[in-house]
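Peer 1: Questions regarding the structure given below will be posed in turn.
The values are calculated or read from the model by the stated rules, or taken from the named source; none is laboratory data. As the structure is a prediction and not an experimental result, all values here were calculated from the model. Here Cβ is always computed from backbone atoms with ideal geometry, including for glycine, and neighbour counts include all displayed protein chains. Heavy atoms of the whole protein, side chains included, go into the accessibility calculation; ligands, DNA and RNA do not. Shrake-Rupley method; radii C 1.70, N 1.55, O 1.52, S 1.80 Å.
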Amino acid sequence: MFHKRLLASGAIAALLIGSMPLRAETPADTLIQAWSIDDIITLDPAEIFEFTASEIAGNSYETLIGYDPKNVSDIFGKAAESWTISEDGKTISFTMREGRSFASGNPITAEDAVFSLVRAVKLDKSPAFILTQFGLNADNVDEMVVQTGPMTFDFKMDQAYAPTLVLYCLTATVAMVVDKKLVMEHEANGDFGYEWLKTNYAGSGPFTIRDWRANEVVVLERNPNYSGEAAPMARAIYRHIPETATQRLLLEKGDIDIARNLAAEDIKALEGNADIRIDSGVKGSIYYLGMNQKNEFLGKPEVRQAMKYLVDYQTIADTIMAGKVKVHQAFLPEGFLGALNDNPFSLNVEKAKELLAEAGVPDGFTVTMDTRNTPEITAMGQAIQQTMAEAGITLELIPGDGQQTLTKYRARNHDIYIGRWGPDYQDPHTNADTFARNPDNADDAASKPLAWRNAWDIPEMTKAADAAVLESDPDKRAEMYLALQKESQETSPFVIMFQEIEVLGMRNNVEGFIVGPSFNDNSFAHVTK
Amino acid sequence: MSTREWLLSEQPASRRQARLGQGYRTWLAFRGNWLAMVGLGIVLALIVIAALADVLAPYNPVTGGDLNTQRLLPPLSPGHLLGTDDLARDILSRLIHGTRLTLMVVALVALIATPIGLLVGTTAGYFGGWVDTVLMRLTDIVLAFPRLILALAFVAALGPGIENAIIAIAITSWPPYARLARAETLTIRNSDFIAATRLQGASSLRIIWKHIVPLCMSSVIIRVTLDMAGIILTAAGVGFLGLGAQPPQPEWGAMIAGGRRFLLDQWWVATMPGLAIFVVSLGFNLLGDGLRDVLDPKGRK
């Protein structure tokens, strides 16, 4: 008995040793990605507002309409086949595509599309404002989104908004089409299946969500009933690996196909590796400083401009954030309609000192900056602290976790806040709405955009931004946004610094991953390896 | 008569001479233990470095150099003996300034926790009965929690920061001293000299403070010194988890946390503060061991 066991363990040991030189390899029909997926709180498209969950929804649900991730102005139908806009510009009539079905086998009809939109408005979760900004609310949505035939429905609005704005909003995750029949089977207490859909799946995309275990794994499987071209991969798995260095090691060893959270240093180190390719895509998020106008120094226009000359944009983009950001100084990210791509500011201590002297504070002053304690934000904050010191401005960093700093920012109790802002949909209004609109600067205002958070009172700009929403000619509209951004660069309390670049490290055999401008555009439906 | 002979005299002429002679003998015994001397050397060096940090550190610990050219330089680079970190800050300068934080944590924790422990322990041991039961059960409750976890819970409740980390560590480190002091008190509370003092009309407070506490001190000091290493590690652990000293303060644990991202390619960023923690912890442990050998009456031959 003893000998047998000894022999067996010896054999196992021999096997282990024998297999050591072999490289671990992922299965040929499975795509394995390492990503920090701790931000997922739900899988319900009506509530999804997180990066990771957006991407998962983007690959497992379908929107009514979509755009080409390489050229976002090319809008086309997905679940919907076509649409027409009424004379008065207040109604859009959609016709659904025939012969498509959900993963459950149920056909996709106008009834599902209407249900999905009504459901999102009535549930009223964080992303619901993308739809409710068109004058929809829980009480009137049944009259505003109406089915007119088995495959047709009308979407009505309270004003004639720019058509592109409405269409882009309908490409957001909140407007994804869910399987009415399946969801309503799981309804409890009139919740539109909300409790069930949080952890389940009722979509029609190239993949189905089989399993989500919080902070562990998300498993997607090829959708056998997908109406488009079937995905080459039978499975796509996200593993929760929070440490960037661990992701890099797994990638180097071949235990994963794609690493999603590589740090600047990892990217540099992997560049020389023949088995690994670095792919990147410009994302819509921008990094900026918000200066509270309630502060006696920051409220001066010359000081605001001086601060814009006291950030060493290029050096930060080349060193601590190498490969992860590009310098961008307007509130609309590159790729958006009307985005301004000039970068007029660079580190210029002399110029800043002149401006400070004009403002009557030639010797500088002391302000605090609320800094989220993530490595990247902290490092940027410290780099900015150093360049500001050159002009005599003492910047005290107040570190805190995301919740602490954001709460303080939202209550506008900060001096300076260093933050990251991600657009909610692909239309320029998403950022103009927050950076260039402040309808009410009172402390108890109903809407609290970023301009409000920094107590920047701009009645004129608000009007200009409101006018841009209603302009139906795209060229004129683009010009209006360009003007807003130029004005913002000259006067705003926002030091807009960088646009984010998403970086993926992937094994050389992985082909066909599409990195889109927002996370729900990241697609692995056509990935082969 | 030389000073040495005067100190070692078998017939001290005064109380002062006896006391000094006792101290000198202890020192001689301590000096004979070379490991303890190494420990003492490390601790003294720590204190000197902390006091002279501004003079010794070649660079400012908080502001870095040129990000384009001076980031992540390896050790022994010209001008940067231990290299630089990701913000082009000199690691040696940060370590030197970090000694202040480390020393502050250790000293404040010792100053807060030791009196609490002594008070609770001696009171419980002296009065006995229900006072003893209540105080010791309280001690048991605190002792039942793992120290780091309890410290983390306190820091999470109080908010991150070095002061809160100190309070949290102090709150969690007094129970061992209380137990020790109680055990010592129990052995002496029925001695004749205590009874004599009581007969003279001394109050309980006076007896505890003047007669019991001094007798407990030596064992508590040994225990505190031996615990110093643990305190440093706990402080570094709290700092590592982002709940202790906040950036840009050069706290060693936080420095390791910051350097962890570069461990694969730039090992020195995390390794240097790790070595510093290791050396200082070792120093306190060696010192504590040496002190126990000379101060613990039971350990003496």
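Peer 1: Where residues in the range A:230-245 are open to solvent by 40 Å² or more (accessible area, probe 1.4 Å) and modelled with pLDDT of 90 or more, which of them is nearest to residue A:102 (Cα to Cα)?
Peer 2: Pass one, the range A:230-245, residues open to solvent by 40 Å² or more (accessible area, probe 1.4 Å): A:230, A:232, A:235, A:239, A:242-243.
Filter again for modelled with pLDDT of 90 or more, leaving A:230, A:232, A:235, A:239.
Numbers: A:230: 13, A:232: 19, A:235: 18, A:239: 26 Å.
So, considering only residues that are open to solvent by 40 Å² or more (accessible area, probe 1.4 Å) and modelled with pLDDT of 90 or more, the one nearest to residue A:102 (Cα to Cα) is A:230.
Peer 1: Hey, any hits in the range B:37-55 for a residue that's within 14 Å of another protein chain (Cβ to nearest Cβ) and within 26 Å of residue B:255 (Cα to Cα)? Give the derivation first.
Peer 2: Of all residues in the range B:37-55, those within 14 Å of another protein chain (Cβ to nearest Cβ) come to none.
Scanning the range B:37-55 turns up no residue that is within 14 Å of another protein chain (Cβ to nearest Cβ) and within 26 Å of residue B:255 (Cα to Cα).
Peer 1: Pick out, from the range A:163-279, the helices (runs of 4 or more DSSP H) lying fully within it that include 1 or more residues that are among the hydroxyl-bearing types (Ser, Thr, Tyr). It would help to see each step written out before you state the result.
Peer 2: Values: elements: A:163-169, A:180-185, A:194-197, A:244-253, A:264-270.
In the range A:163-279, A:163-169, A:194-197, A:244-253 are the helices (runs of 4 or more DSSP H) which contain 1 or more residues that are among the hydroxyl-bearing types (Ser, Thr, Tyr).
Peer 1: Moving on. Filter the range A:303-316 for residues that are open to solvent by 10 Å² or more (accessible area, probe 1.4 Å) and not basic (Lys, Arg); which is farthest from the other protein chains (Cβ to nearest Cβ)?
Peer 2: Residues of the range A:303-316 open to solvent by 10 Å² or more (accessible area, probe 1.4 Å): A:304-305, A:309, A:312, A:314-315.
Still in the running and not basic (Lys, Arg): A:305, A:309, A:312, A:314-315.
On the way: A:305: 24, A:309: 17, A:312: 7, A:314: 9, A:315: 5 Å.
So, considering only residues that are open to solvent by 10 Å² or more (accessible area, probe 1.4 Å) and not basic (Lys, Arg), the one farthest from the other protein chains (Cβ to nearest Cβ) is A:305.
Peer 1: Evaluate the range B:134-150: report whether one residue or more is open to solvent by less than 30 Å² (accessible area, probe 1.4 Å), within 14 Å of chain A (Cβ to nearest Cβ) and not aliphatic (A, V, I, L, M).
Peer 2: No, the conditions are met nowhere in the range B:134-150.
Peer 1: Right, something else. Looking at (1) free of Cβ contacts under 8 Å to residues at least 40 places away in the same chain; (2) out of contact with any strand residue (DSSP E or B) (no Cβ under 7 Å at 6 or more places or on another chain), can you tell me which one residue A:511 breaks?
Peer 2: Here residue A:511 meets the rest and fails (2).
Peer 1: Residues that are closer than 30 Å to residue A:171 by Cβ and within 14 Å of chain B (Cβ to nearest Cβ): find the helices (runs of 4 or more DSSP H) completely inside the range A:357-462 holding 1 or more of those.
Peer 2: Numbers: elements: A:375-390, A:402-410, A:429-435, A:450-453.
Answer list for the range A:357-462: A:375-390, A:402-410.
Peer 1: Then there is this: Considering (1) among the charged types (D, E, K, R); (2) over 30 Å from residue A:338 (Cβ atoms); (3) surrounded by fewer than 24 Cβ atoms within 10 Å (Cβ to Cβ), say which one residue A:154 fails and leave the rest.
Peer 2: Here residue A:154 clears every test but (2).
Peer 1: Name the residue, out of B:56, B:7, B:92, that is within 21 Å of residue B:245 (Cα to Cα) and either open to solvent by 30 Å² or more (accessible area, probe 1.4 Å) or in contact with a Leu (Cβ under 7 Å, 6 or more places away or on another chain) (or both).
Peer 2: Details: B:56 fails: within 21 Å of residue B:245 (Cα to Cα); B:7 fails: within 21 Å of residue B:245 (Cα to Cα).
Criteria check complete, one pass: B:92.
Peer 1: I'd like the residue in the range B:264-299 that is part of a helix (DSSP H, G or I) and more than 29 Å from residue B:221 (Cα to Cα) and, out of all such residues, is farthest from the other protein chains (Cβ to nearest Cβ). Steps first, answer last, please.
Peer 2: Filtering the range B:264-299 for residues part of a helix (DSSP H, G or I) gives B:268-295, B:297-299.
After this cut, where a residue has to be more than 29 Å from residue B:221 (Cα to Cα) as well, the list is B:268-272.
Values: B:268: 13, B:269: 10, B:270: 11, B:271: 14, B:272: 17 Å.
Checked the range B:264-299; the qualifying residue farthest from the other protein chains (Cβ to nearest Cβ) is B:272.
Peer 1: Determine whether the range A:367-383 contains at least one residue that is over 21 Å from residue A:419 (Cβ atoms) and open to solvent by 50 Å² or more (accessible area, probe 1.4 Å). Step through it out loud before you land on a result.
Peer 2: Step one: list which residues in the range A:367-383 are over 21 Å from residue A:419 (Cβ atoms), which gives none.
No - not one qualifying residue is present in the range A:367-383.
Peer 1: For the range A:463-477, name all the residues that are part of a helix (DSSP H, G or I) and surrounded by fewer than 19 Cβ atoms within 10 Å (Cβ to Cβ). Break it down stepwise before answering.
Peer 2: We begin by selecting, within the range A:463-477, every residue part of a helix (DSSP H, G or I); these are A:463-470, A:474-477.
Across the range A:463-477, the qualifying residues are A:463, A:464, A:466, A:467, A:470, A:474, A:475, A:476.
Peer 1: Among the residues of the range B:197-204, is any surrounded by 20 or more Cβ atoms within 10 Å (Cβ to Cβ), in contact (Cβ under 8 Å) with a residue 60 or more places away in the chain and not acidic (Asp, Glu)?
Peer 2: To start, the set of residues in the range B:197-204 that are surrounded by 20 or more Cβ atoms within 10 Å (Cβ to Cβ) comprises none.
No, that holds for no residue.
Peer 1: Identify, please: which residue in the range A:260-284 is of a type in the set (Val, Ile, Thr) and more than 12 Å from chain B (Cβ to nearest Cβ) and is, among those, farthest from residue A:498 (Cα to Cα)? Don't jump to the end; show me each part of the working.
Peer 2: Here is the first cut: in the range A:260-284, the ones of a type in the set (Val, Ile, Thr) are A:267, A:276, A:278, A:282.
Now restrict to residues that are more than 12 Å from chain B (Cβ to nearest Cβ): A:276, A:278, A:282.
Details: A:276: 27, A:278: 20, A:282: 11 Å.
Step by step, filter the range A:260-284, then rank; the result is A:276.
Peer 1: Determine which member of the set B:206, B:223, B:189 is more than 26 Å from the chain's Cα centre (by Cα) and modelled with pLDDT under 90.
Peer 2: Working: B:206 fails: modelled with pLDDT under 90; B:223 fails: more than 26 Å from the chain's Cα centre (by Cα).
Result of the check over B:206, B:223, B:189: B:189.
Peer 1: Working only within the range B:122-153, note down all residues that are outside any helix (DSSP H, G or I) and β-branched (Val, Ile, Thr). Before you say what the answer is, go through the steps one by one.
Peer 2: Within the range B:122-153, the subset outside any helix (DSSP H, G or I) is B:128, B:145-146.
Within the range B:122-153, none qualify.
Peer 1: Quick one: in the range B:75-90, of everything that is over 32 Å from the mean Cα position of the chain (by Cα) and assigned to a loop (DSSP other than H, G, I, E, B), which residue is farthest from the other protein chains (Cβ to nearest Cβ)?
Peer 2: So in the range B:75-90, the residues over 32 Å from the mean Cα position of the chain (by Cα) come out as B:77-79.
Of the ones still in play, those that are also assigned to a loop (DSSP other than H, G, I, E, B) are B:78-79.
Numbers: B:78: 20, B:79: 18 Å.
Here the answer is B:78.
Peer 1: I need every pair where a residue in the range A:272-299 that is open to solvent by 50 Å² or more (accessible area, probe 1.4 Å) has its Cβ under 6 Å from the Cβ of a residue that is among the small types (Gly, Ala, Ser), sequence separation at least 6 or different chains.
Peer 2: A:278/A:505; A:294/A:455
Peer 1: For the range A:89-114, give me the residue count where each residue is small (Gly, Ala, Ser), touching a helix residue (DSSP H, G or I) at 6+ places or on another chain (Cβ under 8 Å) and more than 17 Å from residue A:201 (Cα to Cα). Before you say what the answer is, go through the steps one by one.
Peer 2: So the first thing to find is which residues in the range A:89-114 are small (Gly, Ala, Ser), and the list is A:89, A:93, A:99, A:101, A:103-105, A:110, A:113.
Now restrict to residues that are touching a helix residue (DSSP H, G or I) at 6+ places or on another chain (Cβ under 8 Å): A:89, A:104.
Narrowing further to those that are more than 17 Å from residue A:201 (Cα to Cα): A:89.
Count: 1.
Peer 1: Tell me which of these residue A:187 doesn't satisfy, since it passes every other one: (1) closer than 21 Å to residue A:138 by Cα; (2) surrounded by 15 or more Cβ atoms within 10 Å (Cβ to Cβ); (3) without any contact (Cβ under 8 Å) to a residue 24 or more places away in the chain; (4) among the acidic types (Asp, Glu).
Peer 2: If we test residue A:187 against (1) closer than 21 Å to residue A:138 by Cα; (2) surrounded by 15 or more Cβ atoms within 10 Å (Cβ to Cβ); (3) without any contact (Cβ under 8 Å) to a residue 24 or more places away in the chain; (4) among the acidic types (Asp, Glu), just (2) comes out false.
Peer 1: Related question: If I filter the range A:306-338 down to residues being within 30 Å of residue A:474 (Cα to Cα) and small (Gly, Ala, Ser), which single residue comes out as modelled with the highest pLDDT? Break it down into steps so the answer makes sense when it comes.
Peer 2: As a first pass, look at the range A:306-338 and keep what is within 30 Å of residue A:474 (Cα to Cα): A:325-338.
Among the residues that remain, those that are also small (Gly, Ala, Ser) are: A:330, A:335, A:338.
Details: A:330: 95, A:335: 86, A:338: 89.
Top of the filtered list is A:330.
Peer 1: Oh, and also: Residues of the range A:341-356 being outside any helix (DSSP H, G or I) and either under 30 Å from residue B:247 (Cα atoms) or not charged (D, E, K, R) (or both), which ones? Don't jump to the end; show me each part of the working.
Peer 2: Step one: of the range A:341-356, the residues outside any helix (DSSP H, G or I) are A:341-348.
Selection gives A:341, A:343, A:344, A:345, A:346, A:347, A:348.
Peer 1: How do the helices (runs of 4 or more DSSP H) wholly within the range B:154-263 filter down when requiring 2 or more residues that are more than 30 Å from residue A:368 (Cα to Cα) and away from every other protein chain (no Cβ under 13 Å): which remain? Walk me through how you get there before you give the answer.
Peer 2: On the way: elements: B:162-173, B:175-188, B:192-199, B:213-240, B:252-259.
Answer list for the range B:154-263: B:162-173, B:175-188, B:192-199, B:213-240.
Peer 1: Please verify whether residue B:71 is open to solvent by 20 Å² or more (accessible area, probe 1.4 Å), of a type in the set (D, E, K, R) and away from chain A (no Cβ under 14 Å), treating the condition exactly as stated.
Peer 2: Values: open to solvent by 20 Å² or more (accessible area, probe 1.4 Å): yes; of a type in the set (D, E, K, R): yes; away from chain A (no Cβ under 14 Å): no.
Judged against the criteria, residue B:71 is not a match.
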